[in-house]
Amino acid sequence: MLLEVKDLSVLFKTEAGPLEALRSVDLELAEGEILGVVGESGSGKSVTNLALMGLLPSNALVHAKKVRFAGKDLDLNSQKELRQIRGSQISMIFQDPMTALNPSLTVGYQMVETLRCHFDISKKVATQRAISLLERVGITNAESRLKSYAFELSGGMSQRVMIAMAISCHPKLLIADEPTTALDVTIQKQILDLLLDLQKENKMSMIFVSHDLALVKKYSQRVQVMYAGEVAESGTTEDVIKHPRHPYTFGLLKARPSAHEGVAKEELYSIPGVVPSLRSRPSGCQFHPRCFRATDICKKQDPELTDSSQSFACHHPLEIL
């Protein structure tokens, strides 16, 4: 097992009081595996990944019963430990490359700095590696692009630069946090196919965060569904997609446009309500105000995640058909 996380919780100290962003999140990832993480905005997907990278703001309190990476225990509150593996062993592709890249520095400066930070190489060697990386991710005229600033690049090209930087040190784990959010469909497919090729080529593990269940189904072996900072359901992608046990997972699948194909003039399904405010969480199961199967026990008692190959946190799970 490459990554094992037990009971990860994140609380933000704010002027309005504490805000509990994550509650008892478990996560496992095998070597060479792609884990898809899905859920609505505000479900805790990005916070989980930023906590693993040690990139949360200073008002965040991170606690985990156990974090083990590549056979070694890891302290998520130790920036000294995280700096040793961040970039070299764990890399991240952020949602918006236009803001993730420094607008005041050239692409070349940022890439060369990253390489020289982790490898004892000259500026000339680092520059040649940067050119090769840009060519590997499909950027033409790579040498001239090193002189460009982020604002001079398109969204797709900026994302390719981010990917080149993320794989530059051959990490064991690549976190792709909604890497195609701001891209059109054609560029989206190119980027995702590129990521899959790089993942296979470098034998990396990947955490692939997305709102799009169709993409998760296509690119991941296992999937983890998150809701209100908790894990609602997890298992193999095939099992979860074909036989969802949690009503929230069922709702996400039913809301896909593809679920309505062949049905004339039918409105797209949507889960009623919204993700609860983390400042005023409901009692019991966090999903019960929106759930069509909720009963009194759901309002009073937060269900525990079952310990099984397809685990779920629900008092009234759907039956396997």
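The values are calculated or read from the model by the stated rules, or taken from the named source; none is laboratory data. Just so you know, these numbers come straight off a predicted model, no measurement behind them. Glycine gets a Cβ as well: all are built from the backbone with ideal geometry, and neighbour counts include every protein chain shown.
So the values come out like this:
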quantity: Selection within region 34-89 - among the charged types (D, E, K, R) and more than 29 Å from ARG279 (Cα to Cα); calculated: ARG68, LYS72, ASP73, LYS80, GLU81, ARG83, ARG86
quantity: Odd one out for SER24, checked against (1) within 25 Å of ASP212 (Cβ to Cβ); (2) buried (at least 16 other Cβ atoms within 10 Å of the Cβ); calculated: (1)
quantity: Some residue of region 69-78 being assigned to a strand (DSSP E or B), modelled with pLDDT of 90 or more and closer than 20 Å to PRO179 by Cβ; calculated: no
quantity: Subset of region 144-160 [surrounded by fewer than 21 Cβ atoms within 10 Å (Cβ to Cβ) and hydroxyl-bearing (Ser, Thr, Tyr)]; calculated: SER144, SER148, TYR149, SER154
quantity: Matching entry among LEU74, LEU82 (being at negative phi and surrounded by 20 or more Cβ atoms within 10 Å (Cβ to Cβ)); calculated: LEU74
quantity: Residues (of a type in the set (D, E, K, R) and at pLDDT 90 or above) located in region 244-280; calculated: ARG245
quantity: Selected residue (criterion: surrounded by the fewest Cβ atoms within 10 Å (Cβ to Cβ)) from residues of region 44-63 that are of a type in the set (A, V, I, L, M, F, W, C) and within 18 Å of the chain's Cα centre (by Cα); calculated: LEU55
quantity: Some residue of region 100-116 being modelled with pLDDT of 90 or more, touching a strand residue (DSSP E or B) at 6+ places or on another chain (Cβ under 8 Å) and surrounded by 15 or more Cβ atoms within 10 Å (Cβ to Cβ); calculated: yes
quantity: Pair list, Cβ under 9 Å, 6 or more apart: region 229-257 residue more than 18 Å from ILE271 (Cβ to Cβ), other residue part of a helix (DSSP H, G or I) and hydrophobic (A, V, I, L, M, F, W, C); calculated: SER234/VAL240; THR237/VAL216
quantity: Residue match in region 91-111 (condition: among the polar types (S, T, N, Q) and over 25 Å from VAL209 (Cβ atoms)); calculated: yes
quantity: Every residue from region 299-321 that is acidic (Asp, Glu) and within 27 Å of the chain's Cα centre (by Cα); calculated: ASP302, GLU304, ASP307
quantity: Test: LYS124 is among the basic types (Lys, Arg), part of a loop (DSSP other than H, G, I, E, B), more than 23 Å from the chain's Cα centre (by Cα) and farther than 30 Å from ASP7 by Cβ; calculated: no
